[in-house]
Amino acid sequence: VALESTYSPIRNILGLHGVRNEKDKKKERLREIAYPLAKADIIGFSSMTNNADFTRAIIKEIREINPKSYIVWGGIHPIVFPEDAIHSVNAICVGEGEYPFMEFISLFKSGKDYTGIKNFWFNLNGEIKRNGLLPLNKQEDMNQFPFPLYAEDEFLFKREKGFFPMTQLDFFKFNGLGYHTIWTIGCPYKCSYCSNTTFLKNDKSYGKLRYPSTEYIVNEVKNVLNKHSHVSTVVFYDDSFMSVPSSTLKKFSELWREKINLPFCVMGVIPSYVKKEKMKILIEAGMIRMRMGIQSASDRMLKFYHRPNKPGLINDVISTIGSFSDYMIPPAYDFIVDNPIETRQDIIDTLELVYSINTPFTINPHALNVYPNTVMEAQFEELGLNPKDVTASNFSHFAPTFSNILLYALTLFKPPRRLFDYMLKYVKPLLEKQTKFPKLLILFRMLYFSKRVYHHVRFMDFSIIPGRFWFLVWKLGLIEFWKKVIWKPKFRER
């Protein structure tokens, strides 16, 4: 089951995307969600830390309705903060759960003792049993995974209506015309803000890239297309897609063109792995969009974030990506904003980098979030700062400072150098007293999103623009027409 999508273009422009309506936190709304769930013998939850409080509130309601329900909590939050999650439920999964959960279900159904299963912690009437961790799944294990369900026997919660079978139109509301998936697992980086630091504490092998075969991921997508012909773009949310060796990417490219031949997007790109050869392979396969984390152009801040920063690396990578701009939607670059320890010069360094980009691009600014049990949490505690005080309410809720407005403005136009230098005079660090411009921030966010929508429509990519309108676009055959007549991957002909 899933909760109703709260996506709204207007809320996104206002910086409210991701904030759940306060009405959902009221007891009657929580009870409405919890009551049908409480009828089950076993209830499973999966959530990230951002949604942990909301998950916990639903669990509390279920407990009041049916204290006998057995509740298991999985996902990122129980892995990075197990000491928090275990006290709300009967069991948590603290590692990769594909095989351990199958074992748990089998033993639970047969009435046998399941409390020794590894990758699980169990809450035995207040006594916590912490079992060890299994070795990470290998490729041969991952090749045996069943394909993820997509629009099959799923239910959606709608306010004041309860749970209903999820329809194809509901999926348009969530995902537009895109299919979102992950091929690779693992990341070689140890960024201080990332939960990857916790994964690496559990098993150093998490720094190595693991993935099922190219045949597996292509067959997964083919399985979706056989059932859901509306899918027009595939989105890979891997942490480090370009870490895959060139030889494997070549095999993926050949198989993708032969069996899928759809545009796709890569949302996890690490700068040091961007090579012209890999870009060429992926563009030939059909990549039309990519997203790369930069986070900051300040050497001081990159050291704080534990991000590798070879001199000239980012500029060289941006230049490499820019050489393929004719074949892609402008790439999106991630930046962390509203960090209270940033100095004026740190912010200027980032703005100077953005100003220097001469090829089409967009940005994904993220307000600073500090997650529990990460290296960054310890960093702020060492500085005498409460991590909760420096954490934004959500990624999209930025302070309406002049520097944040200027960051958006630079994606729309490049002012003359003298005017830009004049603008930089008004840049101040977050905690310094300064004039705020909330209405101006909304205006530039609106212009920024309008430009992004234009580029997505130009490539007929509706993978991150949810809405039922795109169902009509697909139904009228405009997507297929674009693919066959307009979308000519000329790069393949070079």
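Partner lysines whose Cα lies under 18 Å from the Cα of Lys484, excluding those fewer than 8 positions away in the same chain, are identified as Lys259, Lys475. In this simple spin-label model, placing a label point 7 Å from the Cα along the Cα-to-Cβ direction at both Thr248 and Arg300 gives a separation of 3.9 nm. Sorted into 10 angstrom bins from 0, the C-alpha pair distances of the chain split as 3, 17, 27, 29, 18, 5, 0, 0 percent. Label positions at Ile348 and Ser450, each projected 7 Å from the Cα along the C-beta direction, are separated by 3.2 nm. Placing +1 on each Lys and Arg Cβ and -1 on each Asp and Glu Cβ, with no other charges, gives the chain a dipole about its Cα centre of roughly 1320 debye. DSSP beta bridges fully contained in region 121-262 are about 70 percent antiparallel. The residues of region 343-494 have, on average, 55 Å² of accessible surface per residue, using a 1.4 Å probe with all protein chains present. May I ask which of Lys112/Lys201; Lys68/Lys112; Lys388/Lys436; Lys303/Lys436 have a Cα-Cα span longer than 25 Å here? Beyond 25 Å: Lys112/Lys201; Lys303/Lys436.
Assuming R0 = 41 Å, what is the FRET efficiency of Leu472 and Leu383, from their Cβ-Cβ distance, to the nearest 0.05?
That pair, Leu472 with Leu383, gives E of 0.20.
Would you mind calculating the gained length between Lys190 and Glu480 on full extension (0.36 nm times residue separation, minus the Cα-Cα distance), in nm to one decimal? Working shown, then result.
Numbers: separation 290, 0.36 × 290 = 104.40 nm, distance 4.20 nm.
Computed gain between Lys190 and Glu480 is 100.2 nm.
In terms of its C-alpha gyration tensor, region 321-418 has a prolate overall shape, because the principal axis ratio a/c (a ≥ b ≥ c, square roots of the eigenvalues) is not below 1.5 and a/b outweighs b/c. Residues whose amide H lies under 5 Å from that of Ile43, counting only those 5 or more places away or on a different chain, are Tyr70, Ile71, Val72; hydrogens are built 1.01 Å from N in the peptide plane.
How much length is gained if the chain between Gln144 and Thr115 is pulled fully straight, taking 0.36 nm per residue apart and subtracting their Cα-Cα distance, in nm to one decimal? Write out the running numbers ahead of the final one.
On the way: separation 29, 0.36 × 29 = 10.44 nm, distance 2.51 nm.
Gain on extension, Gln144 to Thr115, equals 7.9 nm.
As a check on your grasp of the helix formula, calculate [θ] at 222 nm for the chain: sum -39500 (n - 2.57) over DSSP H runs of n ≥ 4, divide by the residue count, round to the nearest 500. Present the calculation step by step, with values, prior to reporting the outcome.
Numbers: 21 runs with 194 residues, N = 494.
The helix-only estimate for the chain comes to -11000 deg cm²/dmol at 222 nm.
Could you tell me the center-to-center distance, by alpha carbons, between region 403-482 and region 276-297 in angstrom? When both Cα centres are located, 20 Å separates them.
Rounded to the nearest 20 Debye, what is the dipole magnitude of region 73-134 about its Cα centre when Lys and Arg each give +1 and Asp and Glu each give -1 at the C-beta? Mind dumping the intermediate values first?
Numbers: 5 positive and 7 negative charges, 37 e Å.
In debye, rounded to 20, region 73-134 gives about 180.
Could you tell me the calculated FRET efficiency between Leu124 and Leu419, based on Cβ-Cβ distance and R0 = 51 angstrom, to the nearest 0.05? Provide the component values of the computation, followed by the final result.
On the way: r = 67 Å, r/R0 = 1.31.
With R0 = 51 Å, the Cβ-Cβ based efficiency is 0.15.
Take each complete run of DSSP H in the chain, measure how far its Cα atoms stretch along the helix's own axis, and keep only those covering 27 Å or more with mean Kyte-Doolittle hydropathy at least -0.5; list them. Answer set is 438-458.
Measuring from each cysteine beta-carbon in the chain, the ones with no other cysteine beta-carbon under 4.7 angstrom are Cys93, Cys187, Cys265. Counting only DSSP beta bridges with both residues in the chain, tell me the antiparallel percent, nearest 5. For the chain, the DSSP antiparallel bridge percentage is about 30. Across region 290-298, coupling constants 3J(HN,Hα) worked out from phi with the 6.51/-1.76/1.60 Karplus curve, θ = phi - 60°, read 8, 9, 10, x, 10, 6, 6, 9, 7 Hz, and Gly and Pro carry x.
Note on region 216-330: Rg/Rh from Cα positions, Kirkwood definition for Rh, rounded to two decimals, is 1.02. With coordinates expressed along the principal axes, the C-alpha atoms belonging to region 264-321 extend over 38, 18, 13 Å, beginning with the largest. Peptides 288-299, 219-230, 135-146 ordered by packing proxy, namely the average of other Cβ atoms within 10 Å per residue, highest first: 288-299, 219-230, 135-146. Once the C-beta distance of Lys439 and Asn219 is scaled by a Förster radius of 35 Å, the resulting FRET efficiency is 0.10 to the nearest 0.05.
The values are calculated or read from the model by the stated rules, or taken from the named source; none is laboratory data. Note that the structure is a prediction, hence the values are computed from the model and not measured. Positions of Cβ are generated from backbone atoms using ideal geometry, with glycine treated the same way; all protein chains shown enter the neighbour counts. To get the accessible areas, we keep the full protein, side chains included, count just its heavy atoms, and leave off ligands, DNA and RNA. Shrake-Rupley method; radii C 1.70, N 1.55, O 1.52, S 1.80 Å.
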